[in-house]
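Asks: The structure under discussion is supplied below as structure tokens; questions concerning it will follow.
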Amino acid sequence: MTADRATSRGGTTWRTLISIILILLLFGGGTITAEALSRLRKPPELKEPESRRYNVDIFVVEPVRLQRVVTGFGTAQADREVVLSAQVAGEVLSTHPRLEVGEQVTPPVGTPLPAGGKSPGPDEILLQIDPRNYEERVVQIENRLRESEVELERLKQEEKNLKTLRERLQSDFDDFTKEFRKTEDLHKQGVVTESEFRQATIQLRTYEKVLLQNDNELNLFPVRGDQIVQRREALQNDLKLAKLDLERTAVTAPFTGRLRKVNVEQGQYVKPGDALVTVTDASIVEVPVALTLTDHARIMVALKSGQSPTVALAPNETAKPLWFGELVRSAPNADEQTRTVMVYVRVDNSRQTTPLLPGTFVQVRIDGPIYDDALVVPRDALVRGKLFVLKDGQSFGRIVTPVETLQSLAILDNGVAAGDRIILTNLDVLHDGARVQPQTEYRLPAEMERQRVRTARLLDPQ
């Protein structure tokens, strides 16, 4: 048994040794094979790293004739609007059958004249205030005027009679004076007694007194006549006012327009100052617009030369113009709080396809100064005062200073020339010498339409 165990251990040892030898042979063969294969493979070719190319949009610079557009906002208001108020007191006896908001009203034919003018027709009277008290006052003043006329005629007749009497008195006085001179001479001669002479003297003084009284009365006639004339003139003025008050009982429109407000009804009692109706004439409207001092200075050159700059008006900043008018005047001073100046745009609704209604809020675009042969680029192309120009497939930076900016555009007078191709995109990664690939190319008309510039207008576009 001992011999069998020894034989068994010996067999196991040989099998283990053979396994180790086989593993070593396999590992060695794999290494040799891998080395042989690596010797058969060609090494990779080395290439120079390729530089990056950027896709960019381009704007082509072209000289253009450009007009600055000064913009602002305002609310349209009627050029003529009036609140008709009661000028006399009384009950409203009747109103026009169409006294309602929106109805058109017309003034009396030929325009009503004060005190004595043609009475308006029934279709022209908006409302009638009770006229009876005012008619009675007119009658009373007319009666007093007639009394003054009669009194003046009577005074003239009295003056005439008194002048006739004055002539007779003067004749009697002259005759008695002659007799008195004779009596006086006889008294000196002692023919006439002292008593007779004294009696003659008293009679002479009586004649003188009567003559003086007559003269005094005659002298008062001009004064009495002036008093009557002044009283008559005062009554005539009172009559004019009374007739004017009577005319004011019939309320009429001062011009052709439409009723915007009606504040009165039939049977209502009104007193002077009470608002009755509001009449609006919307055929002409005005739009007050507040402009900055800079924008105001831009348009004042044309306004002072007698021109009326054309104005386009739109419902908002992005909408196309719906109305057109003209700038007609400017306020003489600036607002201390807002530092703006008010200008006024006039719109003739008879020339508009759609009328501009009072109360409409609009954006106003006023034609400003014109720039001839202007070199314009999008403001987005400028980064910290620098822009990139495409040349020979590469970007090159240029330092520029805008002469003026028009919202999304910049006008330049240096750094660019007609025909330059300005890079618009990838500006944050570009540098001098960067390789670029143009994609979309823009020109000014398309750029203005794309960005909807509302502060400039291209003139005579190619």
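Asks: Do you know which of the residues in the stretch 286-317 that are in a loop (DSSP other than H, G, I, E, B) and closer than 12 Å to T71 by Cα is least open to solvent (accessible area, probe 1.4 Å)?
Replies: So the residue we want is N316.
Asks: Looking only at the stretch 227-245, how many residues end up being open to solvent by 60 Å² or more (accessible area, probe 1.4 Å) and more than 28 Å from E91 (Cβ to Cβ)?
Replies: Number of matching residues: 5.
Asks: Go over the candidates R248, R258, R224 one by one and state the one that is among the basic types (K, R), open to solvent by 70 Å² or more (accessible area, probe 1.4 Å) and modelled with pLDDT under 90.
Replies: R224
Asks: Across the stretch 160-186, which residue is nearest to E217 (Cα to Cα) among those that are in contact with a helix residue (DSSP H, G or I) (Cβ under 6 Å, 6 or more places away or on another chain) and open to solvent by less than 50 Å² (accessible area, probe 1.4 Å)?
Replies: L162
Asks: Another one. Which condition number does S283 fail, the rest of (1) part of a strand (DSSP E or B); (2) touching a Leu at 6+ places or on another chain (Cβ under 9 Å) being met?
Replies: (2)
Asks: Moving on. Quick one: T425 ticks every box in (1) without any contact (Cβ under 8 Å) to a residue 40 or more places away in the chain; (2) assigned to a loop (DSSP other than H, G, I, E, B) bar one, so which box is it?
Replies: The one condition T425 does not meet is (1).
Asks: Look at D420 and say whether it is modelled with pLDDT of 90 or more and acidic (D, E).
Replies: So D420 fits the description; yes.
For (1) without any contact (Cβ under 8 Å) to a residue 60 or more places away in the chain; (2) under 23 Å from A76 (Cβ atoms); (3) crowded, with 20+ Cβ neighbours inside 10 Å, each residue gets a yes or a no:
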residue	(1), (2), (3)
F324	yes, yes, no
N333	yes, no, no
R351	yes, yes, no
V376	no, no, yes
V383	yes, no, no
V403	yes, no, no
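The values are calculated or read from the model by the stated rules, or taken from the named source; none is laboratory data. What you are looking at is a predicted structure, and each value in this text was computed from that prediction instead of being measured. Positions of Cβ are generated from backbone atoms using ideal geometry, with glycine treated the same way; all protein chains shown enter the neighbour counts. Surface accessibility is based on the protein's heavy atoms, side chains included, excluding ligands, DNA and RNA. Shrake-Rupley method; radii C 1.70, N 1.55, O 1.52, S 1.80 Å.
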